[in-house]
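Data first, discussion second: the structure below is written as structure tokens.
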Amino acid sequence: MECTMDFDSLRNAGSAVGSAAVIVMDETTCIPHAVLRMAEFYNHESCGKCTPCREGTFWMVRLLRRICAGDGTPADVDRLLGVAQTIGFGPPNITLCALGDAATSPITGGVRHFREEFEYHVRHGRCPTGEREAVEARG
């Protein structure tokens, strides 16, 4: 199968190049933990000037940490997606810069394509890859 990584091909596949950064993961990667790391980055980088980004990135990290630590509830996955969709797909110009919109992409994409991994953490109270200790250490 041939794969091209141009803007149109990725858009047609339901993705985007964004800043043209690419992260490659293998099948052993815990997607909720990878999404948590990305959310932590965006939360750290938020300047805090606009409420949706400041509060939204904080709450996305908080929900992801709870899910990844095995303490999440079934409603947390939908709540996480709701926060991301409010920031990323809310009224036009809801954030002052593109960081708020960019912060939502790992969340919406992760849940859309790997929802079963998020739900596994909630149902079983643990990560199948043993990543829980890493979350608790950062926590």
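The values are calculated or read from the model by the stated rules, or taken from the named source; none is laboratory data. Model, not experiment: these values are computed from the prediction. Using ideal geometry, Cβ is built from the backbone for each residue, glycine included, and neighbour counts are taken over all protein chains shown.
If the requirement is being surrounded by fewer than 22 Cβ atoms within 10 Å (Cβ to Cβ) and touching a residue at least 60 places away in the same chain (Cβ under 8 Å), which of these qualifies: GLU40, GLU27, GLU45? Give the derivation first.
Values: GLU27 fails: touching a residue at least 60 places away in the same chain (Cβ under 8 Å); GLU45 fails: touching a residue at least 60 places away in the same chain (Cβ under 8 Å).
Result: GLU40 is the single residue among GLU40, GLU27, GLU45 that is surrounded by fewer than 22 Cβ atoms within 10 Å (Cβ to Cβ) and touching a residue at least 60 places away in the same chain (Cβ under 8 Å).
Considering only the range 17-46, how many residues are closer than 20 Å to GLN85 by Cα, assigned to a loop (DSSP other than H, G, I, E, B) and either in contact with a Leu (Cβ under 6 Å, 6 or more places away or on another chain) or at pLDDT 85 or above (or both)?
Residues in the range 17-46 being closer than 20 Å to GLN85 by Cα, assigned to a loop (DSSP other than H, G, I, E, B) and either in contact with a Leu (Cβ under 6 Å, 6 or more places away or on another chain) or at pLDDT 85 or above (or both): 2 in total.
Which of (1) in a loop (DSSP other than H, G, I, E, B); (2) modelled with pLDDT of 90 or more; (3) touching a Ser or Thr at 6+ places or on another chain (Cβ under 9 Å) does ILE94 not meet, given it meets every other one?
Condition not satisfied by ILE94: (2).
Within the range 66-76, can you find the residues that are closer than 20 Å to PHE41 by Cα and part of a helix (DSSP H, G or I)?
The first filter runs over the range 66-76 and keeps only residues closer than 20 Å to PHE41 by Cα, leaving 66-69.
Residues satisfying the conditions are ARG66, ILE67, CYS68.
Taking the residues in the range 99-129 that are in a helix (DSSP H, G or I) and of a type in the set (Ser, Thr, Tyr) as candidates, determine which candidate is farthest from GLU27 (Cα to Cα). Step through it out loud before you land on a result.
If we filter the range 99-129 for residues that are in a helix (DSSP H, G or I), which is where we start, we get 99-124.
Checking the rest, the ones that are also of a type in the set (Ser, Thr, Tyr) come to 104-105, 108, 120.
Details: THR104: 23, SER105: 20, THR108: 19, TYR120: 16 Å.
Checked the range 99-129; the qualifying residue farthest from GLU27 (Cα to Cα) is THR104.
Is there a residue in the range 68-78 that is under 26 Å from ALA13 (Cβ atoms), of a type in the set (A, V, I, L, M) and either at pLDDT 90 or above or within 17 Å of the chain's Cα centre (by Cα) (or both)?
Initial filter on the range 68-78 (under 26 Å from ALA13 (Cβ atoms)): 77-78.
Adding the requirement that they be of a type in the set (A, V, I, L, M) leaves 77.
Going one step further and asking which of them are either at pLDDT 90 or above or within 17 Å of the chain's Cα centre (by Cα) (or both), we end up with 77.
Yes, some residue in the range 68-78 is under 26 Å from ALA13 (Cβ atoms), of a type in the set (A, V, I, L, M) and either at pLDDT 90 or above or within 17 Å of the chain's Cα centre (by Cα) (or both).
Which numbered condition in (1) farther than 16 Å from HIS113 by Cβ; (2) under 12 Å from the mean Cα position of the chain (by Cα) is the only one that CYS47 fails?
(2)
What number of residues within the range 46-62 are on the phi < 0 side of the Ramachandran plot and in contact with a Lys or Arg (Cβ under 6 Å, 6 or more places away or on another chain)? Steps first, please.
Quick first cut of the range 46-62, residues on the phi < 0 side of the Ramachandran plot only: 46-47, 49-62.
The next check asks that each one be in contact with a Lys or Arg (Cβ under 6 Å, 6 or more places away or on another chain); those that pass are 46.
Of the residues in that region, 1 qualify.
Considering only the range 47-65, state which residues are outside any helix (DSSP H, G or I) and more than 10 Å from THR95 (Cβ to Cβ). Before the answer, list the steps.
Let us first name the residues in the range 47-65 that are outside any helix (DSSP H, G or I), namely 47-50.
Within the range 47-65, CYS47, GLY48 qualify.
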